[in-house]
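This report concerns only the one structure given below.
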Amino acid sequence: MSAVTLTINDRLVTAAAGETVLAAARAAGIDVPTLCYVDGLSAHGGCRLCLVEVGAGGRLQPACFMPVAEGMVVRTDTDRLAEYRRMIVELLFAEGNHVCSVCVANGNCELQDAAAATGMDHERFEYTYPKRAVDASHDRFGIDHNRCVLCTRCVRACDELEGAHTWDVAGRGAGAKVVTDLNQPWGESPTCTSCGKCFMACPTGAIFRKGSTVAETDHGRDRLQFLVAAREKKQWIV
Amino acid sequence: MADRIVIDPVTRIEGHAKITVQLDADGRPTEARFHVTEFRGFEKMYEGRPFWEMPAITARVCGICPVSHLTASAKAGDQILAVRVPPAAVKLRRLATWAQVLQSHALSFFHLSSPDLLLGMDSDPARRNIFGLIAENPDLARAGIRLRQFGQRIIAALGGQKIHPAWVVPGGVRHALPVEEREWVRERLPEAKQTTLTAIGLFKGLMEKFRAETEVFGKFPTMHLGLVAADGSWETYDGAMRFCDADGTTVAEVAPARYQEFIAEKAESWSFVKSTYFKPRGPAGVYRVGPLARLNVCDRMGTPLADREFIEFRGLGREATNASFLFHYARLIEILCSVEKIEQHLDDPDLQSAHVRAEAGVNSPEGVGCCEAPRGILFHHYKVTDDGLIRSANLLIATAQNNLAMNRTVTQIAKHYITGRDVPEGILNRLEAGIRAFDPCLSCSTHAAGQMPLHVELVGPDGEVVSSLRRG
Ligand code: SF4
Ligand code: FES
């Protein structure tokens, strides 16, 4: 595989051709915030939190999707990016019903982490207070659509790691939601294997372990990474 | 011309409320009402939530007694799971309820009420607060603050955070008491006990001085309601609900799950807090809950020092123990009992048990959880779907159950003290103090003690403000 050299934040970085800007940046120790991206799953490019500026004009591109190119000039740390990222997180909060103080994932939530990391100290957009349901029909897990940010991590984990493809997205725009099989109660899903990978993948408290009370969620994300390494590298390291 | 006096907001209580006094043409009060002006609509919000989350969500109802809401909620959850809670978890939950009673009562007595008691009802309102108390009697103020901290620390040790510990859960608790924390509690026990005994001595010394207040601050016969243990002793966590008459006769003693057969609730047009009464007697069945009621219904406290005080308290006679002013006394005896109970149970190895939570699915469509909150008996009643989502929730709180008695109290005080349109500040404070004796918790949030301005309006029958008085 040929190598390419690009510049990230004024630093020369070498990356393999075909790699994403995100991978190249992280390999060089440069952090780029992400939400819908999970190592080992295909990229989705939905959340836009990983936006970077590319080229002299500073074109906005999602780092998780953007392939590296020879001579590319990338910035990950401008004021404009910081403002956009914060705005993205604020929009996510305004779009759903996220109440950290009474959420099962309080303290273990990537949306909450993103809010802290982007310096979101208040919400500038009006909350939409959507009316969304909770499906607790599954034996072990539940889904609270109020807390779903439509990152599709559950969809990809279920499809790409478990191979069941129980989850998918139905509807459009503000009416979009994740569904199990043909939009039937999760507990009645004929394809769900109850493996829990969607729960491990979910960044928020949207998919939760039944019986959890507030701030009691441990997603066990390291197990997801264990599976990815086992699958891709044939390494079983715990 | 008939006037109305309005005290708004009422200070040094938990939440926001006002008092209005209706005057007749001669300026004599005819009736007074205690209005709760905040609406929070919690019960509606709960619908559709998984019942497992309810303890922590309902704990948000109140920043003063979150443990009580957690406990009542988790107990309702226990019934939905239809499990037997591990004995160690029951002991840990009990420990938390004692710590809760202790810290809440310490707040009520030292921070909110003792300025009236120690500095005087007519003292300078700018200094009649915890800060004035610190200036006047720094040792007592400090001891009171440390006593409250003692209870808070136990709750923090159990729950991980002192204000909203989501630690009591359906089926048990999340973890046991760490050994280091137990040792901290042990070290501070003697001081907590001493502070309480000092406060009791002080209060008893003041009873003579407040004889007049005792007579008019809500002294009237009512029924009382509280939990009692199987042996009839004082109880905060479990047991039967006992209604007794003003003279102490037991009228009913039943399982809390049957509360709806005995307690009727009615909404009032003038307050966001419902009123309740003893159903078999209709709206005349006024009862009180809380420290005074608990000490009126139980047969004994169950610890040596508290029992000694209890005998003295009850020795005052049933007429006396129907005086709401004695809520303060009852509260102090309950602190003492809580300290002693914590002491008695501290070395129980179960407090460090690993078996503290029973897990199960939804096995029953309904649950009623009941415990004694510092301010009085508390019920959480949930109905859930097969999947455990809340279909309906009913929370019956102490302040609603004391509502009728509080209205009677302000009426009694107004009739006694108000003789014309000119009302001195000290009298307004007495109206508030009458309410404060009940330590009502109107909502959620505390506000800086004694810092709120008092707004009084005299309002004519046509709604026109005749005169207005502001303090603070
Ligand atoms: S349920 Fe969780 S993982 Fe799935 S889309 Fe929603 S937030 Fe993402
Ligand atoms: S992480 Fe790149 S778009 Fe979500």
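Remarks
- Between B:229, B:199, B:257, B:246, the distinction of being crowded, with 17+ Cβ neighbours inside 10 Å and out of contact with any strand residue (DSSP E or B) (no Cβ under 9 Å at 6 or more places or on another chain) belongs to B:199 only.
- Filter result for residue A:149 (in a loop (DSSP other than H, G, I, E, B) and within 16 Å of ligand 2 (Cβ to nearest atom)): yes
- All positions within segment A:24-38 that are more than 16 Å from ligand 1 (Cβ to nearest atom) and of a type in the set (Val, Ile, Thr): A:30, A:32
- Verdict on residue A:52 being buried (at least 21 other Cβ atoms within 10 Å of the Cβ), within 16 Å of ligand 1 (Cβ to nearest atom), free of Cβ contacts under 8 Å to residues at least 60 places away in the same chain and farther than 23 Å from residue A:224 by Cα: no
- Matching strands (runs of 3 or more DSSP E) fully within segment A:162-222 where at least 2 residues are within 13 Å of chain B (Cβ to nearest Cβ): A:207-209
- Looking only at residues in segment A:37-54 that are more than 12 Å from ligand 2 (Cβ to nearest atom) and modelled with pLDDT of 95 or more, the one that is farthest from residue A:92 (Cα to Cα) is A:54.
- Any hit, segment A:160-171, residues being within 16 Å of ligand 2 (Cβ to nearest atom) and β-branched (Val, Ile, Thr): yes
- Screening segment A:102-140 for residues that are within 14 Å of chain B (Cβ to nearest Cβ) and free of Cβ contacts under 8 Å to residues at least 24 places away in the same chain and picking the one that is surrounded by the fewest Cβ atoms within 10 Å (Cβ to Cβ) gives A:131.
- Condition check for residue A:96: more than 14 Å from chain B (Cβ to nearest Cβ), in contact (Cβ under 8 Å) with a residue 24 or more places away in the chain and closer than 19 Å to residue A:30 by Cα: no
- Sole residue being among the basic types (Lys, Arg) and away from ligand 2 (no atom under 16 Å from the Cβ), chosen from A:26, A:80, A:86: A:80
- With respect to the conditions (1) away from chain B (no Cβ under 14 Å); (2) buried (at least 18 other Cβ atoms within 10 Å of the Cβ); (3) not polar (S, T, N, Q), residue A:145 lacks only one, and its number is (1).
This table checks each residue for (1) at pLDDT below 95; (2) within 15 Å of the chain's Cα centre (by Cα).
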residue	(1), (2)
A:173	yes, no
A:179	no, no
A:193	no, no
A:196	no, no
A:200	no, yes
A:206	no, yes
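- Within segment A:169-191, the residues that satisfy the criterion of being within 14 Å of ligand 1 (Cβ to nearest atom) and among the β-branched types (Val, Ile, Thr) are A:169, A:178, A:179, A:180.
- Meets criteria (more than 15 Å from ligand 1 (Cβ to nearest atom), β-branched (Val, Ile, Thr) and part of a helix (DSSP H, G or I)) for residue A:228: yes
- Search result, residues across segment A:66-75 that are out of contact with any Asp or Glu (no Cβ under 8 Å at 6 or more places or on another chain) and buried (at least 17 other Cβ atoms within 10 Å of the Cβ): A:66, A:72
- The residue list A:132, A:156 contains one member that is within 16 Å of ligand 2 (Cβ to nearest atom) and basic (Lys, Arg), which is A:156.
- Single unsatisfied condition, residue A:198 versus (1) within 16 Å of ligand 2 (Cβ to nearest atom); (2) in contact (Cβ under 8 Å) with a residue 40 or more places away in the chain; (3) on the phi < 0 side of the Ramachandran plot: (1)
- Residue satisfying condition, being out of contact with any helix residue (DSSP H, G or I) (no Cβ under 6 Å at 6 or more places or on another chain), more than 13 Å from ligand 1 (Cβ to nearest atom) and closer than 23 Å to residue A:63 by Cα, within set A:139, A:121, A:77: A:77
- Candidates A:94, A:116, A:82, A:157, filtered to the one that is in a helix (DSSP H, G or I), more than 15 Å from ligand 1 (Cβ to nearest atom) and in the same structural domain as residue A:228 (by TED's automatic domain parsing): A:116
- The residue pairs whose first member lies in segment A:10-37 and is in contact (Cβ under 8 Å) with a residue 12 or more places away in the chain and in the same structural domain as residue A:63 (by TED's automatic domain parsing), whose second member is within 16 Å of ligand 1 (Cβ to nearest atom) and charged (D, E, K, R), and whose beta carbons are closer than 7 Å, counting only pairs six or more residues apart or on different chains, are A:35/A:110; A:36/A:153.
- Filter result for the condition that a residue is surrounded by fewer than 15 Cβ atoms within 10 Å (Cβ to Cβ) and either modelled with pLDDT under 95 or not acidic (Asp, Glu) (or both), over A:80, A:85: A:80
- Residue in segment B:364-373 that is surrounded by fewer than 21 Cβ atoms within 10 Å (Cβ to Cβ), of a type outside the set (Gly, Ala, Ser) and not in a strand (DSSP E or B) present: yes
- Tallying residues that are assigned to a helix (DSSP H, G or I), crowded, with 19+ Cβ neighbours inside 10 Å and hydrophobic (A, V, I, L, M, F, W, C) within segment B:273-295 yields 3.
- Which numbered condition residue B:404 fails, given (1) hydrophobic (A, V, I, L, M, F, W, C); (2) in a helix (DSSP H, G or I); (3) more than 16 Å from the chain's Cα centre (by Cα): (3)
- Selection within segment B:118-131 - buried (at least 20 other Cβ atoms within 10 Å of the Cβ) and in a helix (DSSP H, G or I): B:130
- In summary, residue B:80 fulfils each of the numbered conditions (1) away from chain A (no Cβ under 14 Å); (2) modelled with pLDDT of 80 or more with the single exception of condition (1).
The values are calculated or read from the model by the stated rules, or taken from the named source; none is laboratory data. All figures in this text were calculated on a predicted structure; none of them were measured in a lab. Reconstructed Cβ throughout: ideal geometry from the backbone, glycine too, with neighbour counts over all protein chains shown.
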